[in-house]
Structures are given as C-alpha cells and as structure tokens.
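Note sheet for the following structure.
The values are calculated or read from the model by the stated rules, or taken from the named source; none is laboratory data. Since the structure is predicted, the reported quantities are computational estimates derived from the model, not experimental observations. Here the Cβ positions follow ideal geometry from the backbone for every residue, glycine too, while neighbour counts run over all protein chains shown.
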Amino acid sequence: MSHNLFQPLEDIANLTIENEDFSNLKTYQKNIDNTLFNKCNFTNAKLDGLFFTNVEFHNCDFSNATLENINFTDVKFDNCKLLGTNIIKSYLSKVSLLSCLNRYLNLADSKFKGVTIDNCDLSNARFYRLNLTKFNITNCNINNLEIYATSLNNIDISTCKFQNITISLEDLKGAKVSLDAAICLTSLLGIEIIY
C-alpha cells in the first residue's frame, strides 16, 4: 500500500495503517480523517498542506521529516520519534505528544491551541515564533531548548528538567518554574549565586 495511499487528491479515512514505509514520501493537499497509524516510517518525508483530523500515530518515526502548512486537529502522537523533525507554518489544535523522542525538533511559525506535551525528550529542540494558547508541557526534558519570539506567559514548566535553556527575559516573563529551574535561569539576569 505505502506511497500509493498518499496519491494526490485521494483522501484517507477510517483506516488502520500498520508497519508501512512512507520514508522520503512527498505529498500535499490531502485530508486524513479517523485514521490510526501504527509503527509507520515517515523518515525524511515532506508533507505539505495536509489536514489530519481525529488521527493517532503510535510508535511512528518522523525523523528528519518536514511537515509544512499542516492542520492537526484532535491528533495524538504516542511513543513516536520526531528527531530533527520540522513542523513549520502549521496549526495544532487539541494535539497530544506523549512519551515521544523529540530531540532537535524544530517548531516554527505555528499556532498551538490546546496542545499537551507530556513525558517527552525535547532536548536541543527549537520553538520559534509560536502562538501558544492552552499549552501544557509536563515531565519533559527541555535541556538546551531554544525559545525565540514565543511567550511562556502563564505556562507551567515546573515539572520539566533542564540545566540550560535559551530564552529572552521577555519570552520567559510570567512562566511558572520550579525552584531549581529558577536558579538555572538567574544567568539570564547576569546573577551569580554563591552556595
């Protein structure tokens, strides 16, 4: 089935798709509804202008894929790999990333509404120019996360672990952090704490 499933102008609905190889796939303008992808490989895929609604991805690999102009609504990523994945100019509504490996994930120029990220590795990831509404991030490794033009106002990162993070004071203002994180963040103020 693989790449034939993603023929242009052919929508996908009400399917369970398992163990398929979509690596290096290039596709655009497709609706994918009420579908479960399990153990599918999307490495190096280039997906543009797709609409995913009520879709689940379990144990899928999106490493080094580029997802641009994508609309994700009611989508769940469970135990997936998004190593070096680019999600650009996209809209994510009611999306969950659970126990995913997201190192070097690049999220840019996108709008998030009702997104939950839990128990994920986001080390060395980048958040650039994101609009975050009802955004929850818990129990994640965010070491060396780079945040640019993305406000964390009213966002609780107190259960996330990091030793270093790149963020401006303006973007950090209003974030909720743990005491250990607050100590790490004092370097942004040019303060040195002596124990």
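Among (1) of a type in the set (Phe, Trp, Tyr); (2) more than 22 Å from the chain's Cα centre (by Cα); (3) modelled with pLDDT of 85 or more, there is one condition residue 195 misses while meeting the rest; what is its number?
All conditions pass for residue 195, except number (3).
Among the listed residues 70, 137, 87, which satisfies the condition of being buried (at least 17 other Cβ atoms within 10 Å of the Cβ), hydrophobic (A, V, I, L, M, F, W, C), without any contact (Cβ under 8 Å) to a residue 40 or more places away in the chain and closer than 21 Å to residue 161 by Cα?
Checking each option against the conditions leaves just 137.
Taking the condition of being small (Gly, Ala, Ser) and in a strand (DSSP E or B), how many residues in region 75-111 meet it?
3
Please pick out the residue among 117, 147, 137 that is under 23 Å from residue 185 (Cβ atoms) and touching a helix residue (DSSP H, G or I) at 6+ places or on another chain (Cβ under 6 Å).
147
Of all residues in region 13-35, which are of a type in the set (D, E, K, R) and surrounded by fewer than 16 Cβ atoms within 10 Å (Cβ to Cβ)?
18, 21, 26
State whether one or more residues within region 168-181 are among the β-branched types (Val, Ile, Thr), modelled with pLDDT under 95 and more than 15 Å from the chain's Cα centre (by Cα).
yes
For region 112-131, enumerate the residues that are touching a Cys at 6+ places or on another chain (Cβ under 9 Å), closer than 17 Å to residue 64 by Cα and not in a loop (DSSP other than H, G, I, E, B).
Answer for region 112-131, where residues must be touching a Cys at 6+ places or on another chain (Cβ under 9 Å), closer than 17 Å to residue 64 by Cα and not in a loop (DSSP other than H, G, I, E, B): just 121.
What about residue 53, is it of a type in the set (Val, Ile, Thr), in contact with an Asp or Glu (Cβ under 8 Å, 6 or more places away or on another chain) and either touching a residue at least 12 places away in the same chain (Cβ under 8 Å) or more than 20 Å from residue 111 (Cβ to Cβ) (or both)?
yes
May I ask you to list the residues in region 145-181 that are surrounded by 12 or more Cβ atoms within 10 Å (Cβ to Cβ) and assigned to a helix (DSSP H, G or I)?
Passing the criteria: 171, 172, 180, 181.
Can you go through 27, 85 and tell me which one is modelled with pLDDT under 95 and of a type in the set (Val, Ile, Thr)?
Result of the check over 27, 85: 27.
Based on this model, can you work out whether residue 4 counts as surrounded by 13 or more Cβ atoms within 10 Å (Cβ to Cβ), outside any loop (DSSP other than H, G, I, E, B) and either at pLDDT below 95 or over 18 Å from the mean Cα position of the chain (by Cα) (or both)?
Criteria not met by residue 4.
I want to confirm something. Restricting to region 57-74 and keeping residues that are assigned to a strand (DSSP E or B) and within 17 Å of residue 101 (Cβ to Cβ), which single residue is nearest to the chain's Cα centre (by Cα)?
Taking the candidates together, the pick is 67.
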